[in-house]
Every structure is written in C-alpha cells, then in structure tokens.
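The values are calculated or read from the model by the stated rules, or taken from the named source; none is laboratory data. Nothing here was measured: the structure is a model prediction, and the numbers come from that model. Cβ sites come from the backbone with ideal geometry, for glycine too, and all protein chains shown count toward neighbours. Areas reflect the complete protein model, heavy atoms only, side chains present, ligands, DNA and RNA absent. Shrake-Rupley method; radii C 1.70, N 1.55, O 1.52, S 1.80 Å.
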Amino acid sequence: PAARQLVHPAVPTPASSTKMLVSELLGGLIASQLGLNMPELVFATLDEDFGRTEGDEEIQDLLKGSKGLNLGLHYLSGAIAYNPSIQIDPLLASKIVWLDPFTTNIDRTFNNTNLLWWHRELWIIDNGDSFYFHHSWNDFEKHALNPFPYIKDHVLLPQASMLDEANDFAQSILTDDLLEEITTLIPDEWLMWSHTQATPDEIRGVYLDFLKTRLRHSQNFLNTAKDARG
C-alpha cells in the first residue's frame, strides 16, 4: 500500500495544534463531499517511540512529542506543486474557490497554492489554516457571516468563472445532516481545551452551527469573490 504522510502532528502544546487537526479533518471531509480530489484521511495513533530513528533532532523532537491520536493522509507519490499557469475546468476552479471561503481557509494563494498536480488532476492538500475563528473561540456567529476579503488572493480566482454554479452545487450537497455527520467525526481527544469549559459535544455543536450559518449566508463570501474577480 502507498505510504501515508502525517499532517500537523498533535504536539502537546496548547490547543492550537489540535485545532489545526480539526481544520484538516473538517476541510478535507467537506472537500471530498464536494467531489474534489482530496487524499484519503485516516486517524493514526502514534507510539511514544515514534521518531526515535529520525536523524534530524528538530523533527525527532516533533515526532516524539506527537504521541497519541494524529491525522494522516495518503501520500501522492510523484505529485508536483500546481503551477498556476495550468488551465483547469472553470467549474472545478469555482468549486475550490467556493470551498475555501466557506471553511475560511486563508492559505491557497499564488505564494503557497496548497494544490498538487497528480496524474493530470488537481488535488487539494493542507487545510490547516481553515476555521481560524476557533483560535479566539468567541462570537462564532459574527465569524460565520464574514465576507472573507482574503479571497482576492486565491490562486484559482482568475479561473473561477462559474461561482454561482459552484454555490448551487454545494448547497445541494451540504445538507444539515451531512454537516452534522462530518462534525461528529471530530475526536474527543482533540477537543480537550484548557481555555473553555465547554464539553467536546458542545464544541462540536459550535462547529456545526458555524457551518450551517455560513452555508445559509454563502452569498456574503460569494459576492466578495465576484467583486474580486471583477
């Protein structure tokens, strides 16, 4: 079987590291539900001995400190970074441009595309900078209505000429039941945050409410994307 690559190991620092794992999980699952190419995600529990044979001390410390429940993704052997000069299907570009403001992912730009070209297809990776509202963890309703001005820097925005079609498609796929199913998959271990008294179930509920609210008001970020294109 192909190797699996760990993403954002859950080092035992404050909740920021596990929040990145939550972003990777939710962003990746939503992308997959929208029919976008996303490497398979798996939960991976690391033993404390993991990384002892790593030659680089900095990486070894990171890996040894990552014991516990992590997230892995399928390794795309031979994939290369996406070159923005490659023209892709306008609807595909529009779906990805729709996805990123929906999940408030600020990191898919010309400087850092977080897209891979593999077997003549475009693949999405690295959703760790999504859902940035959870770093402050307050007033999620306000964040859910954010028009997302960062979309002006999106690497695929010039090719996203079918944003209305992408929005209609996403609205037909992302039902409340599906969003609840996705948020339910966030492990309790990633939701033990010292800065809040909320239980894991209550935290999952906030993510769900954020997504449902953002979906109902998708015109907020859709119009921003259209204006940026114009």
Worksheet entry | the chain: most fluctuating residue of Thr213, Thr103, Thr53 per GNM, C-alpha cutoff 10 Å | Thr53
Fill in: Virtual spin-label span in nm between His74 and Glu180, 7 Å along Cα→Cβ
3.0 nm
Worksheet, complete the sentence: Listed by chain and number, the aspartates and glutamates with an alpha carbon less than 19 angstrom from that of Lys142, same-chain partners under 8 positions apart left out, are Asp100, Asp129, Glu202, Asp209
Worksheet, complete the sentence: Rounded to whole Å, √(5λ) for the Cα gyration tensor eigenvalues of region 105-230, largest first, gives 27, 17, 16
Item to complete: With 22 Å as the limit, write out which pairs from Lys19/Lys226; Lys152/Lys212; Lys19/Lys95; Lys95/Lys212 have Cα-Cα distances beyond it, or answer none.
Response: Lys19/Lys226; Lys152/Lys212; Lys19/Lys95
Worksheet entry | Furthest towards positive pole of dipole, Ala79, Ile59, Leu69, structure part region 50-93, Cβ charges | Leu69
Item to complete: Would you mind working out the magnitude of the charge dipole of region 114-230 relative to its Cα centre, with +1 at each Lys and Arg C-beta and -1 at each Asp and Glu C-beta, to the nearest 20 Debye?
Response: 520 debye
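Taking the Cα centre as origin and putting +1 on Lys and Arg beta-carbons and -1 on Asp and Glu beta-carbons, what dipole magnitude results for the chain, to the nearest 20 debye?
600 debye
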Worksheet item: Once Rh is set to the Kirkwood radius over Cα pairs, what Stokes-Einstein translational diffusion coefficient, in µm²/s, holds for region 37-105 at a temperature of 25 °C and a viscosity of 0.890 mPa s?
Response: 159 µm²/s
Discussion item. Please report the carbon-and-sulfur percent of the accessible area for region 71-207; probe 1.4 Å, protein heavy atoms only, DNA, RNA and ligands left out.
Written reply: 52 percent
Worksheet entry | Helix-only CD estimate at 222 nm, as mean residue ellipticity for the chain, using -39500 (n - 2.57) per DSSP H run (n ≥ 4) | -12500 deg cm²/dmol
Worksheet item: Averaged per residue, what accessible surface does the chain expose to a 1.4 Å probe, in Å²?
Response: 49 Å²
Fill in: Using a Förster distance of 41 Å, the FRET efficiency for Asp49-Glu121 (Cβ separation, nearest 0.05)
0.65
Fill in: For Asn138, net neighbour charge (Lys/Arg +1, Asp/Glu -1) across residues whose Cβ lies under 15 Å away
-2
Practice prompt. Set the Förster distance to 35 Å, then compute FRET efficiency between Asp153 and Glu202 from the Cβ-Cβ distance, nearest 0.05.
Written response: 0.55
Item to complete: Under 1.5 on a/c is rounded, so check that first for the chain, then, if it is not, pick prolate when a/b is larger than b/c and oblate when it is not; a ≥ b ≥ c are the square roots of the alpha carbon gyration tensor eigenvalues.
Response: oblate
